[in-house]
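The structure appears right after this line, and notes come after that.
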Amino acid sequence: MRKLLLLTTVIFVGIIFIARLFYLQVYGGYEYDVFEDSAIKKEYNYPKRGYVYDRNGKLLVANQPSYDVMVIPRDVEPLDSTEIEEFCNLLKISIEDYNKKLDKATRYSPRLPSPFVAQLSKMDYAVLQEKMRKYQGFYIQKRSLRSYQTTIGANVLGDIGEVNRGIISKQPYYNMGDLIGKQGVEKTYEKTLRGVKGIKFIQKDRFNKDIGPFQEGTLDTLPVPGKDIKITIDSKLQAYGELIMKNKRGGIIAIEPGSGEILAMVSGPSYNPNLLVGRNRSKNFTKLYNDSIAKPLFDRSLQAMYPPGSPFKTLNALIALQEGVVTTEDRFSCSMGYRYGNRKMGCHVHRSPANMNLGIYESCNAYFANVYRKIIDKYDSPAEGMDNWSKHIKSFGLGNYLNNDLSVGQPGKVPTAATYDRGYGKNRWYTTFTISNAIGQGEVLATPIQLANMAAAIGNRGYYYTPHIIKDIEGDSIPTNFTTPKHTTIDKQHFEPVVQGMFDVYNKGTAKYVQVPGIEICGKTGTAENYAIINGEKTQLTDHSIFVAFAPKDNPKIAVAVFVENGYFGSRFAGKMASLMIERYLKGEITRTDMEDFVLRHSLEHEYEKPFSDEPFGINRQTTLEVVSPEEYQKLMDIKASIPKD
């Protein structure tokens, strides 16, 4: 009986142990993770980043080899002062930097690799490679840096830089020292361009020495190269746009109306994208970032929100026709402006009274003030009229981000009834409170890309394609969002009189002096008032110069919007620049060399310095234009000569 009891007890205890071990290993244990095994060394193999080409197949961005010194802090063997000094000399860093970098890497992770010195040159790599065996815990990792094959399009192409802790915490794919797209197409198409890292797992012994592949390399993976992409930008048109924007601030957007493809995306001032490559990237980026006056990192073509000025009148004309509140032949008088109450909206001298055609090509403020009032006052209350007007305006892509594939942007502003309810109180405002909307001032704000898209929609007679930067992805298709037309709320038949008015802007209106022989261009000049707070006071600065256009008149191939900050009036700078962009794209050469010479010879830098001096602004538009120096002009001509011709 005792033997049976003892045997039963042993069997029972054995079953309990087996059950407990089974539970711990199958249910209560942890799945083995090779990435968490400190005895396994992980070496990443970085793939080739995809190339970037322009719409015509010109290579814009390639790769160049780069070498990073990596460190695994736990594996670093103590070095004496002589060895540290020698190592620092090889790396071209100070002993103080050595200690800071090692401390930073240790705080990140004692057992994971961190970049110690990034982006060694080929020469430094060759010298260092032979001596790395002396420094345990350090190794060299090869990767690719970007090689920009151009000096243009910094805001378009963007750049790549190291990830930070915030990115790593949100995207576990990245490790400390990895590179990621920071701006432009590098950021938007990061996952497409980067590819997928490969990895090798290396077994270590108890002395922390490499002894060969872990599990005979069965867990190792090869890198997957990034995909090449073709963007919609015409690099020759982009280069020309950046040339004529020299010594000015503003933005130029050119769009192909039939596809929504962005042909040029110019922001002034710009910079050479090669500044943000290599070991000087951080220093150069800091310099650009800290320039709070010129703001070269601020993409004015996508982010700057300006009053749209007189080009906005074309939308009010279309809405009035759609709402049936005016005909094309209804006339309104203009006596140097429009009076309402004891106030007056000024206007320049022209024939009166004005119908729609004359109102557009002479840009009559009084005509559009009357039209705007009829649009709003058609409804039972100003609030209802305002919301209906706002709906029409937004159908042209204003007041939103356009759902494009660009890395930055601003929504602009289209007011609604709620806007004025907040400002004046509900039911305590009237149409005249908002009358500035009639001429693209007041509460309306737009970005250059929104106005270029507006021009494309008018040229298409009522629809547009979402402006986008991607044209082709290697082995893939572009999103259908970019190939599906978006229709406005305006019926097609109402566009012809507005298109004719824009055509007459060039024939006999405010842009008659910027015509281009052989091209039927439809456009609209604009002059927007410009204010800033200086020494605590609201100060009127020199007006912005604005122009929108499309060409040819029928089946347009290009739509353009140009904003030139402090550029006086529409045709002085923006109108000339828009015509030049259109001729350069459609003809491949410039015949209006007089306009080109005017734009290149004159600088607006003196205007941008005025807020910091006591010099008055050119409100009356009579300020003498500043001419660039002969040396600067020659530089510009050299740049022009370097732009390939079609």
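In the range 352-363 there is no residue matching the filter, namely being in contact with a Leu (Cβ under 8 Å, 6 or more places away or on another chain), over 20 Å from A417 (Cα atoms), open to solvent by 20 Å² or more (accessible area, probe 1.4 Å) and without any contact (Cβ under 8 Å) to a residue 60 or more places away in the chain.
Taking the options I252, I202, name whichever one is within 26 Å of the chain's Cα centre (by Cα) and of a type in the set (A, V, I, L, M). Spell out the reasoning first.
Values: I202 fails: within 26 Å of the chain's Cα centre (by Cα).
The conditions single out I252.
Candidates are the residues of the range 528-563 that are among the charged types (D, E, K, R) and surrounded by fewer than 19 Cβ atoms within 10 Å (Cβ to Cβ); the one that is farthest from A264 (Cα to Cα) is E537.
What tally of residues in the range 476-490 results from selecting those that are among the hydroxyl-bearing types (S, T, Y) and part of a helix (DSSP H, G or I)? Walk me through how you get there before you give the answer.
Our first condition is that a residue be among the hydroxyl-bearing types (S, T, Y); within the range 476-490, this holds for 477, 480, 483-484, 488-489.
Then drop every residue that is not part of a helix (DSSP H, G or I), which leaves 480.
Residues in the range 476-490 being among the hydroxyl-bearing types (S, T, Y) and part of a helix (DSSP H, G or I): 1 in total.
When the helices (runs of 4 or more DSSP H) confined to the range 221-309 are screened for residues that are crowded, with 21+ Cβ neighbours inside 10 Å and not aromatic (F, W, Y), those reaching at least 3 such residues are found at 235-244, 300-303.
Name the residue, out of S121, S169, that is of a type in the set (G, A, S), open to solvent by 40 Å² or more (accessible area, probe 1.4 Å), out of contact with any Pro (no Cβ under 8 Å at 6 or more places or on another chain) and modelled with pLDDT under 85. Quick ask: steps written out before the conclusion?
Working: S169 fails: modelled with pLDDT under 85.
On inspection, the qualifying residue turns out to be S121.
When we screen G177, G166, G226 for residues that are at positive phi and more than 19 Å from the chain's Cα centre (by Cα), the only hit is G177.
I'd like to know if the range 370-386 contains one or more residues that are open to solvent by less than 10 Å² (accessible area, probe 1.4 Å), modelled with pLDDT of 95 or more and small (G, A, S). Yes, the range 370-386 contains a residue that is open to solvent by less than 10 Å² (accessible area, probe 1.4 Å), modelled with pLDDT of 95 or more and small (G, A, S). Scanning the range 50-80 for residues that are in a loop (DSSP other than H, G, I, E, B), open to solvent by 20 Å² or more (accessible area, probe 1.4 Å) and touching a Gly at 6+ places or on another chain (Cβ under 8 Å) yields V76, E77. Evaluating W429 against the criteria (1) assigned to a helix (DSSP H, G or I); (2) at pLDDT below 95 leaves one unmet condition, (1).
Of the residues making up the range 306-329, just one is in contact with a Ser or Thr (Cβ under 8 Å, 6 or more places away or on another chain), over 18 Å from L445 (Cα atoms) and of a type in the set (S, T, N, Q), namely Q322.
It is to be established whether one or more residues within the range 587-602 are in contact (Cβ under 8 Å) with a residue 12 or more places away in the chain, assigned to a loop (DSSP other than H, G, I, E, B) and closer than 23 Å to P497 by Cα. Even if it seems obvious, please write down each step before you answer.
Going through the range 587-602, the residues in contact (Cβ under 8 Å) with a residue 12 or more places away in the chain turn out to be 587-589, 591-592, 595-596, 598-602.
Going one step further and asking which of them are assigned to a loop (DSSP other than H, G, I, E, B), we end up with 588-589, 591-592.
Among the residues that remain, those that are also closer than 23 Å to P497 by Cα are: none.
Scanning the range 587-602, I find no residue that is in contact (Cβ under 8 Å) with a residue 12 or more places away in the chain, assigned to a loop (DSSP other than H, G, I, E, B) and closer than 23 Å to P497 by Cα, so the answer is no.
Scoring H487 on the criteria (1) surrounded by fewer than 19 Cβ atoms within 10 Å (Cβ to Cβ); (2) in contact with a Lys or Arg (Cβ under 6 Å, 6 or more places away or on another chain); (3) more than 20 Å from M595 (Cα to Cα); (4) not hydroxyl-bearing (S, T, Y) leaves a single failure, condition (2). When each of Q500, Q493, Q450 is tested for being in a helix (DSSP H, G or I) and surrounded by 24 or more Cβ atoms within 10 Å (Cβ to Cβ), the lone residue that passes is Q450. Applying the criterion of being closer than 23 Å to S390 by Cβ and in contact with a Lys or Arg (Cβ under 9 Å, 6 or more places away or on another chain) to the residues of the range 320-351, the residue that is surrounded by the fewest Cβ atoms within 10 Å (Cβ to Cβ) is G324. Applying the set (1) in contact with a strand residue (DSSP E or B) (Cβ under 9 Å, 6 or more places away or on another chain); (2) open to solvent by 20 Å² or more (accessible area, probe 1.4 Å); (3) within 29 Å of S642 (Cβ to Cβ); (4) among the polar types (S, T, N, Q) to N566 leaves exactly one unmet item: (2). Of all residues assigned to the range 463-475, none qualifies as being in contact with a Ser or Thr (Cβ under 6 Å, 6 or more places away or on another chain), closer than 18 Å to E261 by Cβ, assigned to a helix (DSSP H, G or I) and open to solvent by less than 10 Å² (accessible area, probe 1.4 Å). Within the range 569-589, the set of residues being open to solvent by less than 10 Å² (accessible area, probe 1.4 Å) and either among the basic types (K, R) or touching a Phe, Trp or Tyr at 6+ places or on another chain (Cβ under 9 Å) (or both) comprises G570, F573, A574, G575, M577, A578, S579, L580, M581, I582.
The values are calculated or read from the model by the stated rules, or taken from the named source; none is laboratory data. Computed from a predicted structure; not experimentally measured. Cβ: placed from backbone, ideal geometry, glycine included. Neighbour counts: every protein chain shown. The accessibility values were calculated without ligands, DNA or RNA, using every heavy atom of the protein model including side chains. Shrake-Rupley method; radii C 1.70, N 1.55, O 1.52, S 1.80 Å.
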